[in-house]
Every structure is written in C-alpha cells, then in structure tokens.
1. For segment 76-99: of the residues being farther than 22 Å from Val19 by Cβ, small (Gly, Ala, Ser) and part of a helix (DSSP H, G or I), which is most open to solvent (accessible area, probe 1.4 Å)?
2. Select from segment 101-142 the residues that are free of Cβ contacts under 8 Å to residues at least 60 places away in the same chain, in a helix (DSSP H, G or I) and not aliphatic (A, V, I, L, M) and list them in ascending order.
3. Can you pull out the residues in segment 231-261 that are among the hydrophobic types (A, V, I, L, M, F, W, C) and either more than 25 Å from Val217 (Cα to Cα) or in a helix (DSSP H, G or I) (or both)?
4. Can you report the number of residues in segment 24-75 which are over 30 Å from Lys125 (Cα atoms), touching a Pro at 6+ places or on another chain (Cβ under 9 Å) and either modelled with pLDDT of 95 or more or not in a helix (DSSP H, G or I) (or both)?
5. Exactly one condition in (1) part of a helix (DSSP H, G or I); (2) aliphatic (A, V, I, L, M); (3) in contact with a Lys or Arg (Cβ under 7 Å, 6 or more places away or on another chain) is not met by Val203; state its number.
6. Mind telling me which of the residues Phe204, Phe233 ends up being out of contact with any Leu (no Cβ under 8 Å at 6 or more places or on another chain), of a type in the set (Phe, Trp, Tyr) and in contact (Cβ under 8 Å) with a residue 40 or more places away in the chain?
7. Inspect segment 118-126 for any residue being closer than 25 Å to Glu297 by Cα and at pLDDT 95 or above and give the result as yes or no.
Amino acid sequence: MAKSVYAIMGATGNIGSVVAQDLIQRGHEVRALGRNKRKLEAMEAFGAKPYPVDLDQPASLAKAFKGANAVFSLIPPFYEAEDFGAAQDRAGESIVKAISEAQNPYVLNLSSLGAHLSEGTGPIKGLYRHEQRLNQLKDVNIMHLRPIYFMENQLAAIPLIKAEGINGSPLKGDHPIPIVATHDIGLKAAEFLDRLDFQGINVFELIGPEAVSLEKVTSALGEAIGKPDLRYFQFPYDEAKKAMLESGLKPNVVDLLLEMDKSFNEGKIQPTQELTEDHQGSMTIQDFAPVFASVYESMA
C-alpha cells in the first residue's frame, strides 16, 4: 500500500522525472503530469500513473491534483511565447487555482535562486511572482526550492561547440558559480516530499558541491568530448542578442535571458541563506562531464 499520493508536474523532465522515480522507489503513489502523452506513457514503466494536463485548463490540473497529499509545482519555460512573462503568469494562475480547488495540504514549488527579487532578473522575476501567488493560498504548507544555475544549461552550447569549436555566452568566464545538477535538485525535492515535515511558507536554496568558473567547466567538458583545447569566451551582450534572435528566439525572450545574464554578472543573484552541506548537491562537473559527452556524441 502506498504511503502517500503525489502529483508531479513536469514528470518527464530532467528534474520531475527524478522526483517521480525517487518517490516511487520509496513506496509512494505518483501521478505523472505533463503535456506529452507519449512521454507520460513511458513513465508507466517506472510505476507512475500518467495524467495529461493542459496549463490553460485549470480543471485538468485540479483533477490531477485532487486527493494528492502534495503537489510538485513548476512553471515550464515558454520560449515560443510572444510574451514570456505573461505566459508564466497564466500558468501560475492555473496552478494556484487548481491547488485551491483540490485543497492540497502541501506544495513543493520549484523556483530559483534570486526569486526573492521582483525586478532585474529576467525569467526569474516570473518565479518571484509565482512564489507570491502561492503564498496567498490558505491552509497550504509551501516549500519554495530555489536552486542555482543548472549544469545542464551547458547542453545548449553543443551546437556552438560543434560549429565553431568554442564555448561561450554573455556570462563571465572567470566568475565562480556553484552550479548544480538537475539530478541533485530532483533528489532534494523528493526528500522534502517524502518527509512532508515543513509547515507554513518556507524557502530552501540549493547549490552544487563547489563553485567553478565557466572557463573551468568548459575545460572539463572539453576533456570529456576529446577537445582538451576547448575554450570559453564571454560574448558582448549585443552580439549575443543578435545570435539569439537569428536562432529564432522571440525578442521578448532574448531580452529576459540577457537581463538574467547581466544579473549574474553584476552579482545580483546571491544566496540569502547560510548554505550548509545540506544545501549542496553531490554531483561535480567532473561527474557531469560524461553525461555531457553522451549527449554531445548523440547530436549530429
């Protein structure tokens, strides 16, 4: 007999799939929520119950949430939206409405480091708004999990590495960041959900095991893919904007991403808590490098 019932949003993603599988291994019942029916059906192999949902239809969310001891909440990225922030808000409003209707007693919300700031952080300020929205719910215990920059963000650089033989972005190359693996984020979320011992409104910030610059990250990834001379370059904001627009990203999305990069470069996004060992994931960039290499080799 399952211990508890959990509704896991984004259950087919890098983080949600880890949350779902870890909870199943702990003996819980997991409802896997997502938009892609085929991917959701694959989650059945792990013992999850697939729940196709539409973020534009709160009723479908409420049905999936109904009777669950806790909800793992997240707002997916809306890179195709003309107005990224407005899309975030619509999704957030649907989530809050569904939780209110389903009367779930616990919510673990995936947010981001920097979500305590209302302005100047690009897409993260949408997560600030979602935190504030969730905090208005009555009789709901909430944990906002705020991880820092993901290791998996480097996967987006693979086309650049293959085409130009370099890695780069507008972020400073020599600025150490304690980047964290999505796997560790998923495990921490599952840990909180398994215990369900948080009360009221809470925040927990999560980082990686060590601070490492993107120059050193690039070096480690280069070794893993057989390019030991791979180097990192910081691109000027105007050049990065032009390249992102040419890649097909919407102007609004590009502006938000650049705003986020600037906030990192200017030191605006910083922890607000004392970060003990409990706040650190275990996967290092050396651990992640073979994962990166596997994806790199699989891409034409």
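The values are calculated or read from the model by the stated rules, or taken from the named source; none is laboratory data. In this text the structure is predicted, and so the values were computed from the model without any measurement. Note: ideal-geometry Cβ built from the backbone for every residue, glycine included; neighbour counts use all protein chains shown. Ligands, DNA and RNA are stripped out before the accessible areas are found, and what is left, the full protein with its side chains, is counted by its heavy atoms. Shrake-Rupley method; radii C 1.70, N 1.55, O 1.52, S 1.80 Å.
1. Ala86
2. Glu101, Lys125, Gly126, Tyr128, Arg129, His130, Glu131, Gln132, Arg133, listed by residue number.
3. Of the residues in segment 231-261, the ones among the hydrophobic types (A, V, I, L, M, F, W, C) are 233, 235, 240, 243-245, 249, 253-254, 256-258, 260.
Of everything in segment 231-261, those that are among the hydrophobic types (A, V, I, L, M, F, W, C) and either more than 25 Å from Val217 (Cα to Cα) or in a helix (DSSP H, G or I) (or both) turn out to be Ala240, Ala243, Met244, Leu245, Leu249, Val253, Val254, Leu256, Leu257, Leu258, Met260.
4. Residues flagged as over 30 Å from Lys125 (Cα atoms), touching a Pro at 6+ places or on another chain (Cβ under 9 Å) and either modelled with pLDDT of 95 or more or not in a helix (DSSP H, G or I) (or both) within segment 24-75 amount to 0.
5. Answer for Val203: the failing condition is (1).
6. Details: Phe204 fails: out of contact with any Leu (no Cβ under 8 Å at 6 or more places or on another chain).
Answer to the check: Phe233.
7. Taking every residue of segment 118-126 in turn, none turns out to be closer than 25 Å to Glu297 by Cα and at pLDDT 95 or above.
Here's the yes/no breakdown for (1) open to solvent by 50 Å² or more (accessible area, probe 1.4 Å); (2) among the small types (Gly, Ala, Ser); (3) over 18 Å from Phe78 (Cα atoms):
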{"position": "Lys242", "(1), (2), (3)": "yes, no, yes"}
{"position": "Leu245", "(1), (2), (3)": "yes, no, no"}
{"position": "Val253", "(1), (2), (3)": "no, no, no"}
{"position": "Leu258", "(1), (2), (3)": "no, no, no"}
{"position": "Lys262", "(1), (2), (3)": "yes, no, yes"}
{"position": "Glu274", "(1), (2), (3)": "yes, no, yes"}
